[in-house]
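The values are calculated or read from the model by the stated rules, or taken from the named source; none is laboratory data. Because the structure is a prediction, the values reported are computed rather than measured. All Cβ positions, glycine included, derive from the backbone under ideal geometry; neighbour counts span all protein chains shown.
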Amino acid sequence: MKQQERPKILVFSTEKISDPAIDMAGLLKLHYPPTVYTITVPCSSGIKPRWIMHAFEKGFDGVFIAADGTDCPYGESCTDKTARVVQMTQQMMQEKGLEPARLKMAAICSVCSEPFVRQMKAFTEYLSRDGN
Amino acid sequence: MRKKIGVYICHCGVNISDTIDVEHVREVISREEGVVLAKDVMFACADSSQKEIIEDIRREGLDGLVIASCSPKLHLFTFRSVAERAGLNPYNYVQVNIREQGSWAHSDNKEGATRKAIRMVRAGVARVARSEALEKTRISAVNAVAVIGAGVAGMRAALELANMGTRVFLIEREHFVGGRTAQWGDLFTTEETGKQIVGRLYESVRGNENVTLFTGAEVVKKEGNIGDFHLEVRIRPRYVRQPCDPEELQKAIDVCPVEVEDEFNFGLTRRKAIYRNYESEYPRAAAIDEKACTRCGECEKVCAAVDLGQKEEKISLNVGAIILTTGFDPYEPQPGEFGYGEIERVVTLQQFHRLLEMNREKLLFRGKEVRSIAYIYCVGSRECAANEKCKGTHKYCSRYCCTSAIHSALTARKKFGDLTVYHINRGIRTYGKQEVLYEQSCQAGDLYLQFYEDSFPEVSRNGSGPVIRVRDFLTAGRELEITPDLLVLVTGMEPRREDHIGDLMKVPRGRDHFYNEIHMKLKPVETVIDGVLIAGSCQGPKNITESVKSALSAASKAHYTLRKGELALEPVLAEVDREKCVWCDECTDACPFDAIQPVEYKGKKVASVIQANCKGCGMCLPVCPQNAIELAGYTDEEIESMIDALAEDL
């Protein structure tokens, strides 16, 4: 049973932009692995690296940031700031011997249901190959 | 920690329970620490269920509520209000989305979906156990609105607000009102001119004691927040007093030695530094172009109303909300784009509208009569990567130009008799009631040719005129050559190129660089900056009808927000731990809303959040090297406990 439950992915999604896309993926019955879990935040540039590190410590195999991109209602600086969060975290990951590719970010717009599902499938595949 | 938590798992008819074993989830959750009640319900949103939940909360004295059902987008507010009615703080409620992100997304894997649901509900319980009872902050609000831009949208919004009893300051950058609409002659689908509409609106604005109009005025400073904005407005001198004798004014215009390009006619003509755009223009007083005028004093000698001694004024306004109706700029083609700027007889649609109005008996362009016209559509709109020639960022359709171009051809026929007209288009979009114009134009004998985005028409020169080569796919891709007397490029809308007001207001712009609303459908005139609303074509291409509709929407929204004189602010705000903070200033840099300021605390400088400015985005969280900032509702404890619950083995 446990094998089936791997790899486990934690998605940080945003309330106004990527959440609607993920919800719509469900509405359209675009299936993705049920080992993908979502935590909603207001904006992807407000994710603390320590939350991501906490997820790895607790056994998540991958963390995916469904970023607001240029659609962010809080302004255009979001993209750069989210990229900085990823950068900071990947540095911390390297220090802990974690492969930086286990943290992934992509802009998911409010109607990007298909890209989201593709990302989840590809990330799952990547993490499985990774020896999990 | 909350220890009396109630959990409800919704079947949503069979939408959830067909995939997820709801009974099993309930059973597992009922054993969770802190859960004193766990039930499954057929429809949690039904009236009877809501009543049951309220009774349970009261009877059991619940201090936390979790409902696992559909997306919070649907029912977060429904269930927050259930909590509130039962006397529970609405922020001690957590919704868990086991439908869109559970049963529907994983309908192919019932067991997997059930296991995911268990973890998700556990995470919800963990979060609610650590949730705080947040209270909305109440602030007082000034029932006054600044409307920026006195075009049709701005004037219409101002009137609507004024009639509802809100005080309005209407601020126009130019010396005249009417914006783009004043530049148009006959308008499509109604038998009136842009000038007539502007005139009617201006008279109503003038007659309304709740509206104060400033022309030649710009907002130069904005402080404060929703309910209490402080604006500083700079008013440029007009240099011409009222009343002004028309004969003397004409003399003043004649003696003025300065000539500049006339923006009102899109550069087709030139005007003097002392000017008015048309006779009936509002306000009915000429003005002197501050930038162009050399202060030579010639006009002052012949016209008693001229007063070059007038000084700039600065005034302060206190308003509760701001509506931006700053309009658009027409797309300016690149030099050489379809011959523009290089071949003489190539104009933009906006220039053509001016030509139609300026000419009386014959349609003349640079002294030569125009008997045949070709239009090339979608210039500066619907740009796409498929073609080198239109690789720009204007991916949108400008909405009004198909109708406007066809209408201009009909107007030209009506005014100047029979013409030969070619519409070289990428598909005609005269949507809705405007379709009748397309039909009229076809019946009048206009010819329609169509091209794809990968085979653009080529324009070359023949003397001063253009030669257009186009492959028309309506006639099976036949190559045609057209040599019209005039080529009109159907240019669309762009965001204002000079836009200091957008920067000042910190209004987010979309991918197309127009101002961005929060939600196209559900919050179409609100921006993420509380109290700053947008309407008209500054938020994207719109025709006059659509601009006015959005203006009325923004007006009612502003009035509704301010009418009670008091506002409740969302409590999801950043909080600074003053003990930990060392004022490194990183958070002030990260905050796009000027919501963080330094204050003195125990003999040191620390960051403090200005509640009314904070939007709860959290951008300040990851940059703090001391981890001294938390976002209410998204604290480390809440998020990390959710991660723990999601990671836990079953």
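Determine which single condition A:S44 fails, assuming it passes every other condition in (1) more than 30 Å from B:P625 (Cβ to Cβ); (2) among the small types (G, A, S); (3) within 11 Å of chain B (Cβ to nearest Cβ). The failed condition is (1). Summed over the range B:377-390, residues that are part of a loop (DSSP other than H, G, I, E, B) and either over 24 Å from the mean Cα position of the chain (by Cα) or among the aromatic types (F, W, Y) (or both) total 3.
Condition check for A:Y74 on (1) modelled with pLDDT of 95 or more; (2) aromatic (F, W, Y); (3) under 21 Å from B:M619 (Cβ atoms): one failure, at (1).
This table checks each residue for (1) outside any helix (DSSP H, G or I); (2) among the basic types (K, R).
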residue	(1), (2)
A:T38	yes, no
A:F60	yes, no
A:A66	yes, no
A:K104	yes, yes
A:E114	no, no
A:T124	no, no
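Residue pairs whose Cβ atoms lie under 8 Å apart, separated by 6 or more positions or on different chains, with the first residue in the range B:509-520 and at pLDDT below 85 and the second not in a loop (DSSP other than H, G, I, E, B), are B:R509/B:P495; B:R509/B:G502; B:R509/B:Y515; B:G510/A:T70; B:G510/A:D71; B:R511/A:T70; B:R511/A:D71; B:I518/B:E526. Assess whether A:L98 counts as being in contact with an Asp or Glu (Cβ under 7 Å, 6 or more places away or on another chain), more than 7 Å from chain B (Cβ to nearest Cβ) and surrounded by fewer than 20 Cβ atoms within 10 Å (Cβ to Cβ). It is false that A:L98 is in contact with an Asp or Glu (Cβ under 7 Å, 6 or more places away or on another chain), more than 7 Å from chain B (Cβ to nearest Cβ) and surrounded by fewer than 20 Cβ atoms within 10 Å (Cβ to Cβ).
For (1) farther than 30 Å from B:L489 by Cα; (2) among the aliphatic types (A, V, I, L, M); (3) assigned to a loop (DSSP other than H, G, I, E, B); (4) touching a Lys or Arg at 6+ places or on another chain (Cβ under 6 Å), each residue gets a yes or a no:
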| site | (1), (2), (3), (4) |
| --- | --- |
| B:E279 | no, no, yes, no |
| B:C293 | yes, no, yes, no |
| B:C296 | yes, no, yes, no |
| B:K301 | yes, no, no, no |
| B:I315 | yes, yes, no, no |
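If the condition is being in contact (Cβ under 8 Å) with a residue 12 or more places away in the chain, of a type outside the set (A, V, I, L, M, F, W, C) and part of a helix (DSSP H, G or I), then the range B:558-613 contributes B:H559, B:T561, B:E586, B:T588, B:D589. Annotation for the range B:580-593: at least one member residue is within 21 Å of the chain's Cα centre (by Cα) and not assigned by TED's automatic domain parsing to the domain that holds B:G510.
You will find that of B:G297, B:G327, B:G339, the residue that is at positive phi and within 25 Å of the chain's Cα centre (by Cα) is B:G327 and no other. Annotation: of all residues in the range B:256-274 being under 35 Å from the mean Cα position of the chain (by Cα) and among the β-branched types (V, I, T), the one that is nearest to B:Y239 (Cα to Cα) is B:I274.
Conditions (1) more than 7 Å from chain B (Cβ to nearest Cβ); (2) among the hydroxyl-bearing types (S, T, Y); (3) within 11 Å of the chain's Cα centre (by Cα), marked per residue:
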site	(1), (2), (3)
A:F12	yes, no, yes
A:E15	yes, no, no
A:Y32	no, yes, no
A:P49	no, no, no
A:I65	yes, no, yes
A:M93	yes, no, no
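A quick yes/no check of all residues on (1) farther than 21 Å from B:F229 by Cβ; (2) surrounded by fewer than 16 Cβ atoms within 10 Å (Cβ to Cβ); (3) assigned by TED's automatic domain parsing to the domain that holds B:E218:
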residue	(1), (2), (3)
B:L474	yes, yes, no
B:R478	yes, yes, no
B:V490	yes, no, no
B:H500	no, yes, yes
B:V507	no, no, yes
B:T527	no, no, yes
B:G531	no, no, yes
B:P541	yes, no, yes
B:S547	yes, no, yes
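Candidates in the range B:618-650 are the residues that are within 10 Å of another protein chain (Cβ to nearest Cβ) and farther than 29 Å from B:I118 by Cα; of these, the one that is farthest from the chain's Cα centre (by Cα) is B:N627. So, of the residues in the range B:502-525 that are within 11 Å of chain A (Cβ to nearest Cβ) and assigned to a strand (DSSP E or B), which turns out to be farthest from A:A107 (Cα to Cα)? This residue is B:K523. Scanning the range B:231-246 for residues that are surrounded by fewer than 14 Cβ atoms within 10 Å (Cβ to Cβ) and touching a residue at least 40 places away in the same chain (Cβ under 8 Å) returns B:R241, B:Q242, B:P243, B:D245.
Residues in the range B:191-217 that are touching a residue at least 60 places away in the same chain (Cβ under 8 Å), among the aliphatic types (A, V, I, L, M) and closer than 26 Å to B:E357 by Cα: B:I197, B:V198.
Residue under question is A:T82, and the condition is that it be hydroxyl-bearing (S, T, Y), out of contact with any Lys or Arg (no Cβ under 7 Å at 6 or more places or on another chain) and touching a residue at least 24 places away in the same chain (Cβ under 8 Å); does it hold? Yes.
Listed here are the residues, each with its yes/no results for (1) in a loop (DSSP other than H, G, I, E, B); (2) out of contact with any His (no Cβ under 6 Å at 6 or more places or on another chain); (3) in contact (Cβ under 8 Å) with a residue 24 or more places away in the chain; (4) buried (at least 21 other Cβ atoms within 10 Å of the Cβ).
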position	(1), (2), (3), (4)
B:Y375	no, no, yes, yes
B:K414	no, yes, no, no
B:I424	no, yes, yes, yes
B:G427	yes, yes, no, no
B:E435	no, yes, no, no
B:S441	no, yes, yes, yes
B:L449	no, yes, yes, yes
B:Y452	yes, yes, yes, no
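Mind listing just one residue for me: the one in the range B:16-71 that is in a loop (DSSP other than H, G, I, E, B) and under 40 Å from the mean Cα position of the chain (by Cα) and, of those, farthest from B:Y91 (Cα to Cα)? Out of the qualifying residues, it is B:I16.
Only strands (runs of 3 or more DSSP E) whose full extent lies in the range B:77-196 are considered here, and the ones with at least 1 residues that are under 30 Å from B:V22 (Cβ atoms) and outside the structural domain of B:Y278 (by TED's automatic domain parsing) are B:93-97. Just wondering, is there one or more residues in the range A:71-81 that are more than 9 Å from every other protein chain (Cβ to nearest Cβ) and within 16 Å of the chain's Cα centre (by Cα)? The answer is yes, given that some residue of the range A:71-81 is more than 9 Å from every other protein chain (Cβ to nearest Cβ) and within 16 Å of the chain's Cα centre (by Cα).
B:K580 satisfies every condition listed in (1) at pLDDT 95 or above; (2) farther than 23 Å from B:N163 by Cα; (3) buried (at least 20 other Cβ atoms within 10 Å of the Cβ) except (3).
The residue that is farthest from the other protein chains (Cβ to nearest Cβ), counting only those in the range A:101-126 that are buried (at least 20 other Cβ atoms within 10 Å of the Cβ) and more than 13 Å from the chain's Cα centre (by Cα), is A:C112. Filtered by the rule that a residue be more than 10 Å from every other protein chain (Cβ to nearest Cβ), at negative phi and over 35 Å from the mean Cα position of the chain (by Cα), the range B:78-117 gives B:R85, B:A86, B:L88.
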